[in-house]
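Read-outs throughout are calculated quantities, based only on the coordinates presented, and are distinct from any laboratory measurement. If you're wondering where the values come from, they're calculated on a predicted model, not measured in any experiment. Note that each Cβ is placed from the backbone with ideal geometry, even for glycine, and that neighbours are counted across all protein chains shown.
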């Protein structure tokens, strides 16, 4: 009865809707997403064959347009014209939130240039789902899919290793074993969560230290989402300000606030903020 009530055509804002769809389990879709999809004149699909499974389940009968990385530029002028003519268009990817490591950014940029509304319909995301169960730092950097060239992977991972936060990647099943040596070399000492087939019946979560990572004997099914933990605090490193830090603080003490100095010094080493803050106050009082 409730499903019938949201299937009726409703007056919604004109524009392009970015609709998040399930990353596995087809029940993980919002009521608003169903409503918007049913009220769309057209739905842009990364793969119409994949999207039809979802649309048939929820009796979504809008017209479908194939829109993937190989034809999105070719489709662009046609879609913009439809939007300018006040047609309601939704964009979906095969799974998750559109334009996040999936087609969409080219169209969104053109909508912005033409003052066309772009409206997000939030919902499932492999990125936040994986992070939420990791237990790692809530501060995170999302990289996306690993590049093809091993040289680029090495360069990018070396740069990312300097970031002290959780780091999230998408990995194809063909590539995971190839990147293990890079992870062990560059992220030694950190922890990793490997998520496979999330929200599906055979979902699998593997937690381990990066140093202990092992190759898959058989190619895993489906794309993997991996989360690398923040840097682990080295207990052998001194927790006190060294002379170099004190000199830097003295130079900044009359130019920046105590909080700003504390944050800056804390970024470059592992000294507790309280110690930095107290030293700054001591200098302020002496002055």
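Numbers below:
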{"quantity": "DSSP bridge orientation in the chain - percent antiparallel, rounded to nearest 5", "calculated": "45"}
{"quantity": "Net length gained if the chain between residue 219 and residue 31 were fully extended (0.36 nm per residue, minus Cα distance)", "calculated": "64.1 nm"}
{"quantity": "Whole-angstrom gap from the range 236-267 to the range 79-136, using each part's C-alpha centre", "calculated": "42"}
{"quantity": "Beta bridge orientation in the range 2-123: antiparallel %, DSSP, nearest 5", "calculated": "5"}
{"quantity": "Cα→Cβ-extended label distance, 7 Å offset, between residue 248 and residue 231, nm", "calculated": "1.1"}
{"quantity": "Packing-based order for 145-152, 277-284, using average beta carbon neighbours within 10 Å, highest first", "calculated": "277-284, 145-152"}
{"quantity": "10 Å binning of all Cα-Cα separations within the range 127-228, expressed as whole percents from 0 upward", "calculated": "15, 53, 30, 2"}
{"quantity": "Relative packing of 96-104, 180-188, which averages over residues the other C-beta atoms within 10 Å, highest first", "calculated": "96-104, 180-188"}
{"quantity": "Extension reserve of the residue 132-residue 149 stretch, reckoned as 0.36 nm per residue once the Cα distance is removed", "calculated": "3.1 nm"}
{"quantity": "Peptides 221-232, 251-262 ordered by average Cβ neighbours within 10 Å, highest first", "calculated": "221-232, 251-262"}
{"quantity": "Against the rule of thumb 2.2 N^0.38 Å, how large the Cα Rg of the range 2-123 comes out", "calculated": "0.97"}
{"quantity": "Rg [Å, one decimal], Dmax [Å, integer] - the chain, C-alpha atoms", "calculated": "24.3, 74"}
{"quantity": "DSSP bridge pairs, the range 127-228: antiparallel proportion in percent, nearest 5", "calculated": "75"}
{"quantity": "Virtual spin-label span in nm between residue 41 and residue 202, 7 Å along Cα→Cβ", "calculated": "4.4"}
{"quantity": "Gained length - residue 264 relative to residue 185, 0.36 nm times residue gap less alpha-carbon distance", "calculated": "25.6 nm"}
{"quantity": "Label-to-label distance, nm, for residues given as residue 13 and residue 139 (7 Å Cα→Cβ offset)", "calculated": "3.3"}
{"quantity": "Helix 243-252 vs. the chain, principal-axis angle (Cα, 0 to 90°, nearest 10)", "calculated": "70"}
{"quantity": "Calculated FRET efficiency for the pair residue 105/residue 77, C-beta based, R₀ 22 Å, to 0.05", "calculated": "0.85"}
{"quantity": "Cα principal axis extents for the range 243-286, largest first, Å", "calculated": "26, 18, 17"}
{"quantity": "Fewest-first sequence of 133, 192 by Cβ atoms within 10 Å of each Cβ", "calculated": "133, 192"}
